[in-house]
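Participant: Supplied in structure tokens, the structure appears directly below.
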Amino acid sequence: MFIHCLTITSLFILITLASAQDNGEAIFKQKCTACHTIGKGKLVGPDLQGVTSRRDDAWLHKQIKSPDLMIAEGDPIATQLVKEMNGVPMAPLGLSDAEVDAVIAFLKNASKQQAAVDTGLPSQYFPTILISIGVLIALTIIGLLAGKKQVEVR
Ligand code: HEC
């Protein structure tokens with residue numbers, strides 16, 4: 001029974017992760033592509049390719065949620081970025097914490113996918129492969145459980 005719960009929980013987490021990422025992608029396309037690309041050079045703001053390895057999560061969260069605060073507080077990286085972007089600061093977009101996390105998850109994955117493309121792996125298969133592995137593990141566990149029950153009957 002315990003393993004059963006575990007299986008269902010892990011499946012649930014997998015699905016949530018997959019959809020949180022879709023959500024992040026939608027937010028990015030809606031609110032960020034006017035000023036940012038991922039791997040296609042800078043627009044109004046910097047190219048966000050690999051930004052999740054350049055900066056830590058807490059910094060990213062704050063930058064995306066309240067870029068104006070970062071500048072008001074004199075954050076050294078944000079101040080430098082504004083200089084590099086010809087004095088244009090990023091505008092606060094009014095995202096919720098959950099939306100910011102979803103966008104960060106998307107950025108992380110987008111950088112990974114770009115890296116995969118660079119090494120010649122077709123990136124669009126990544127989510128499918130991940131979910132397939134999850135389902136396979138779940139099926140194996142369910143199979144093991146069913147097997148156990150038969151033994152008990154004998
Ligand atoms: C109006 C244009 C604009 C929009 C829209 C915008 N940004 Fe920015 N962004 C900028 C500018 C300009 C900078 C650099 C100056 C600064 O930090 O304020 C920046 C900086 C950043 C940085 C730091 C980059 C680095 O190299 O460290 C991140 C991360 C970022 N933006 C993410 C986002 C995300 C995610 C969204 C959408 C939710 C978004 N931005 C929407 C203009 C924009």
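Participant: Would you call LYS42 out of contact with any Asp or Glu (no Cβ under 7 Å at 6 or more places or on another chain), in a helix (DSSP H, G or I) and surrounded by fewer than 18 Cβ atoms within 10 Å (Cβ to Cβ)?
Facilitator: Values: out of contact with any Asp or Glu (no Cβ under 7 Å at 6 or more places or on another chain): yes; in a helix (DSSP H, G or I): no; surrounded by fewer than 18 Cβ atoms within 10 Å (Cβ to Cβ): yes.
For LYS42, the condition - out of contact with any Asp or Glu (no Cβ under 7 Å at 6 or more places or on another chain), in a helix (DSSP H, G or I) and surrounded by fewer than 18 Cβ atoms within 10 Å (Cβ to Cβ) - is not met.
Participant: Of the numbered conditions (1) exposed (fewer than 14 other Cβ atoms within 10 Å of the Cβ); (2) more than 9 Å from the ligand (Cβ to nearest atom), HIS61 fails exactly one; give the number of that condition.
Facilitator: Against the list (1) exposed (fewer than 14 other Cβ atoms within 10 Å of the Cβ); (2) more than 9 Å from the ligand (Cβ to nearest atom), HIS61 comes up short only on (1).
Participant: Can you name the condition, by its number, that ALA34 falls short on among (1) within 20 Å of LYS108 (Cα to Cα); (2) part of a helix (DSSP H, G or I); (3) modelled with pLDDT of 95 or more?
Facilitator: So ALA34 meets the others, but not (2).
Participant: Please state which one of VAL135, VAL100 is out of contact with any Gly (no Cβ under 6 Å at 6 or more places or on another chain), modelled with pLDDT of 90 or more and closer than 16 Å to HIS36 by Cα.
Facilitator: None of the others qualify; the one that does is VAL100.
Participant: Would you mind stating whether ALA116 is surrounded by 14 or more Cβ atoms within 10 Å (Cβ to Cβ) and either modelled with pLDDT of 90 or more or touching a strand residue (DSSP E or B) at 6+ places or on another chain (Cβ under 8 Å) (or both)?
Facilitator: Here the answer is no, as ALA116 does not meet what is asked.
Participant: Any idea which residue in the stretch 90-107 is nearest to the chain's Cα centre (by Cα), counting only those that are touching a residue at least 24 places away in the same chain (Cβ under 8 Å) and outside any helix (DSSP H, G or I)?
Facilitator: So the residue we want is LEU95.
Participant: Something else now. Determine whether ALA110 is in a helix (DSSP H, G or I), under 15 Å from the mean Cα position of the chain (by Cα) and surrounded by 17 or more Cβ atoms within 10 Å (Cβ to Cβ).
Facilitator: So ALA110 passes the test.
Participant: Could you list, in sequence order, all residues of the stretch 68-102 that are more than 10 Å from the ligand (Cβ to nearest atom) and loosely packed, with under 13 Cβ neighbours inside 10 Å?
Facilitator: ALA72, GLU73, GLY74, PRO76, SER96, ASP97, ALA98 - these are the residues of the stretch 68-102 that are more than 10 Å from the ligand (Cβ to nearest atom) and loosely packed, with under 13 Cβ neighbours inside 10 Å.
Participant: Where the second residue is part of a helix (DSSP H, G or I) and of a type outside the set (Asp, Glu) and the first is touching a residue at least 40 places away in the same chain (Cβ under 8 Å) and under 19 Å from ALA34 (Cβ atoms) and lies in the stretch 74-89, which pairs have Cβ atoms under 9 Å and are six or more apart or on separate chains?
Facilitator: These pairs meet every condition: VAL88/VAL82.
The values are calculated or read from the model by the stated rules, or taken from the named source; none is laboratory data. What you see is a predicted model, and the numbers here were worked out from it, not measured in a lab. Quick reminder, even Gly has a Cβ in these numbers, built from the backbone with ideal geometry, and neighbours come from all protein chains shown.
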